[in-house]
1. Name the residue that is nearest to T46 (Cα to Cα), counting only residues in the stretch 82-95 that are in contact (Cβ under 8 Å) with a residue 24 or more places away in the chain and assigned to a helix (DSSP H, G or I).
2. Which of (1) part of a strand (DSSP E or B); (2) without any contact (Cβ under 8 Å) to a residue 60 or more places away in the chain is the odd one out, the single condition S119 does not satisfy?
3. Among the residues of the stretch 39-55 satisfying the criterion of being touching a residue at least 24 places away in the same chain (Cβ under 8 Å), aliphatic (A, V, I, L, M) and outside any loop (DSSP other than H, G, I, E, B), which is farthest from V90 (Cα to Cα)?
4. How about the stretch 56-81: which of its residues are outside any helix (DSSP H, G or I), of a type in the set (V, I, T) and more than 11 Å from the chain's Cα centre (by Cα)?
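Nothing in this text is a laboratory measurement; each read-out follows from the coordinates by a stated rule. In this text, all values refer to a predicted model and were calculated from it rather than measured experimentally. A quick note on method: Cβ atoms are made from the backbone with ideal geometry, for glycine too, and the neighbour counts reach across all protein chains shown.
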Amino acid sequence: MSADGRAGHHWFDDEAGPVVRPYAMTRGRTSHAAQHRLDLIAVVVTEPHADDPDADHALSPEHVEIVERCRDTPQTVAELAADLDLPVGVVRVLVGDLVDEEYVHVSRPVPPAELPDESILRDVINGLRAL
C-alpha cells in the first residue's frame, strides 16, 4: 500500500503512456559499429527495396518509424532525433541497425578537408565571367 493509503498507485499517470528507457530501445548498446560514420548531418535514406518494415518482427517501432520517415524525404540524424524526441545516441544505434539490415543507407557530407579551396572557386567564377 502506498503512503497515501491507495493500493496499486503508480508513479506515473495514465496519460504518460508506456515508459521506455532509451537503453531499452537499443538493448543496452550505447554505440554501433557504424556509429563513427553517423554524425549529426549524415543523411539517412530508405533503400528502394525496403518494402514493409512492419513485417520484420526483429525491428522495434522506432526502427520502423525511421524507415517510414526517410522513405519520401531523406533526413539527417539530427532531424530524426528531434522528430522522434529521442537522444542522438539512440538514433545513431537504431540507424546503424537499419544500415546493417539494408533498410536504409547513409550519405555522409563531404569532409571540409576535401572541399575545394575558396580561392579556386573564385578563380573559376572569374574565368566564367570572362567568357
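1. V95
2. It is condition (1) that S119 fails.
3. Per the criteria, the residue is V45.
4. The one that is outside any helix (DSSP H, G or I), of a type in the set (V, I, T) and more than 11 Å from the chain's Cα centre (by Cα): T73.
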